[in-house]
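Worksheet: one structure, shown below.
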Amino acid sequence: MITPGGPFKTPPSRRLGEAPSIAPLAASQRSKIPAFEVMRITDEIARRRADGHDVVSLCAGEPSARPAPGTLKPAGYTGPLGTTPLREAIAGHYRSWYDVEVDPATVAVTTGSSGAFQLVFLAAFDPGDRVALASPGYPAYRNILTALGVHVIEIPTGPETRYQPTPELLAAAVAKHGPLNGLILASPANPTGTMLDRSALTELVAWCVTNEVRIISDEIYHGITFPEPGAADPRGITLRELDPEAVVINSFSKYWGMTGWRLGWAILPQALVDPVEALASNFALSPPAPAQELAMRSFSAEAYGERDAVVAGFARARALILAAEPELNWGVAAPSDGAFYYYSELGPQLERYADSSAYARALLEGANVAVVPGADFDPVSGDRAVRLSYAAGESAVAEALERIIRFQAGL
C-alpha cells in the first residue's frame, strides 16, 4: 500500500483540483513541426462563409465532384492491410492502366495516403537516416519525416529542372550532407503539377539503385494529367514498372474524389510487407471498412468513365488559368502537367505586398478568394509564390480569376 508522502506522492504542482504551481509537462520535441497551412486556411474559409461571405476557394486539393456513398451495411474490422477483394482489385488496376503485374499480397490498404506515408516511413527508415525530397513539395513529407527523427534533405528545384530532382542534384546533396537512405518522388507533384517523363524517371532509378537509395513514389495524382494528343504514358508512369523495390503510394482521394473516406494504399517490396502489417495492426487496426466497400466500385468501366469526365473539367479550368496569365501579371509559373494545381511566383505583385502570405490574406479579405501561400511548400523561396487549386471546377475558377484581376486592379 502506498501511503501519503511515500515515493509516489502526487507532486504539489499536479494535485487534482488545484491550480498548477509550475509549467505543465511539455509536448515532445518530435511534435514541434509546422501545421499544414492549407487546413488552417480551410478553417478561415469556413468562418468567413459562416459570417455570410461568398468565398471562392482555390485552396484545398479536393475535387468538388464526388461519388455518392450509396447504402452501406454495418461493418467491423478488416485485416490490417485491407480486404482481399480490394487488394486484388488494386492489383488489377495496375494491370489495366500500366500493364504491370502486382502481387495482391504486397498491397497495403491504408487510412488515406497519409496513413501510407506514416507506415512506410516507419518501416523503411530509422531515426538519423537521410531522406531527400524536392522543394517546393508537399509539406507533409517533410513534417512526418521530421517528427520521426529522420533528417530531411531538401533538394532546391526550379524551372531549369522543371521543379523535379535530377541525379546531378542528388549527387550534390550527397556531397554536402552525406549518403542518402531515401528519395521521395511525386509525379504529378504537389504543388507544381510537374511530371517526370520515362527518360528522367529511368535516370533517377538508375542513380538510386547504384547508390542504394530507397525510392518512395507518390502517385496520388495519376490519372489527373493533361498530355498532348498521342503522348506516351498519358496517365503517368508507375515506378513499379522501373523498380520492383520501389514503394508506390496512391489514394482514392484525388482521381476518384473520395477525400473524406480516408482510403489509400501502398505497393510494397516484399521486405516491407510484414513490418508494415505489424505497424498497421497496432496503429490503425484496419483501414475503414465502409470506405473499402465503396472503393470496390471504383474500378468499373463506368467509374473510370465518370472520373475521366471530371478530369476533362479540370483541364478546362486549367485552360482558363493559362489563358489568364497575362492579366494576372504574376511571375514564373511551373508547367502544370498534371494534378490540379497552378504554382506561380507573384512577380510584380510583391511590389505591393511583403510576401505571398500578405498577398493571400489581402486577397481573401478584399475579394473573398482563397489561395495558398507558397511557404508551406518551400521554406526558402515559397514566400514569393502561391498555389491555386482548380479542383473546385471550371465555374469556381472563372469567378475567382475575375475577382483576382479586379482586386489587383483596385476595383
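The values are calculated or read from the model by the stated rules, or taken from the named source; none is laboratory data. For clarity, every value in this text was computed on a predicted model and none was experimentally measured. Methodologically, a virtual Cβ is constructed for each residue, glycine included, from the backbone with ideal geometry; neighbour enumeration extends over all protein chains shown. When the accessible area is computed, the model is the full protein with side chains, heavy atoms only, and any ligands, DNA or RNA have been set aside. Shrake-Rupley method; radii C 1.70, N 1.55, O 1.52, S 1.80 Å.
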- Task: Using 0.36 nm per residue of separation minus the Cα-Cα distance, give me the extension gain between residue 332 and residue 177 in nm, one decimal.
- Result: 52.9 nm
- Item | the stretch 193-217 and the stretch 339-411: distance between their alpha carbon centers, rounded to Å | 32
- Query: Hey, if you put +1 on the Cβ of every Lys and Arg and -1 on every Asp and Glu Cβ in the chain, which of 251, 145, 231 ends up farthest toward the positive end of that dipole?
  - Reply: 145
- Over the residues of the stretch 163-306, compute the C-alpha Rg and express it relative to 2.2 N^0.38 Å. 1.16
- Expressed as a whole percentage, what fraction of the accessible surface of the stretch 219-339 belongs to carbon and sulfur atoms when a 1.4 Å probe is rolled over the protein heavy atoms? 57
- Nitroxide proxy distance, nm - points 7 Å out along Cα→Cβ at residue 270 and residue 316: 4.9
- Task: Calculate the length of the line joining the C-alpha centroid of the stretch 108-169 to that of the stretch 255-320, in whole Å.
- Result: 20
- Item | Among 317, 231, 280, residue whose mean-square fluctuation peaks in a GNM of the chain (springs only between Cα atoms under 10 Å) | 231
- Bounding extents of the stretch 74-190 in its principal axis frame from Cα atoms, largest first in Å, are 51, 32, 23
- Item | Two-decimal log10 I(q)/I(0) for the stretch 322-365, as the Debye equation yields it once each C-alpha is a single scatterer, q = 0.21, 0.28, 0.33 Å⁻¹ | -0.77, -1.09, -1.18
- Task: Evaluate 2.2 N^0.38 Å with N set to the residue count of the stretch 180-265, then give the Cα radius of gyration divided by it.
- Result: 1.12
- Task: Would you mind computing, in nm to one decimal, how far apart the modelled labels at residue 358 and residue 126 are, each placed 7 Å from Cα along Cα→Cβ?
- Result: 4.8
- Would you please classify the overall shape of the stretch 95-164 from the alpha carbon gyration tensor, given that a ≥ b ≥ c denote the square roots of the eigenvalues, rounded means a/c under 1.5, and beyond that prolate means a/b larger than b/c while oblate covers the rest? oblate
- Item | Range of Cα positions in the stretch 254-303 per principal axis (Å), largest first | 36, 21, 17
- Task: State in Å² the accessible area per residue of the stretch 279-405; use a 1.4 Å probe, count heavy atoms of protein chains only, and round to the nearest integer.
- Result: 39
- So what is the calculated 222 nm ellipticity per residue for the chain, using -39500 (n - 2.57) for each DSSP H run with n of 4 or more, over all residues, to the nearest 500 deg cm²/dmol? -12000 deg cm²/dmol
- Task: Could you tell me the largest-minus-smallest coordinate of the C-alpha atoms of the chain on each of the three principal axes, in descending order and whole angstroms?
- Result: 78, 56, 55
- Task: Take peptides 385-397, 266-278 and line them up by average Cβ neighbours within 10 Å, highest first, as a rough protection proxy.
- Result: 385-397, 266-278
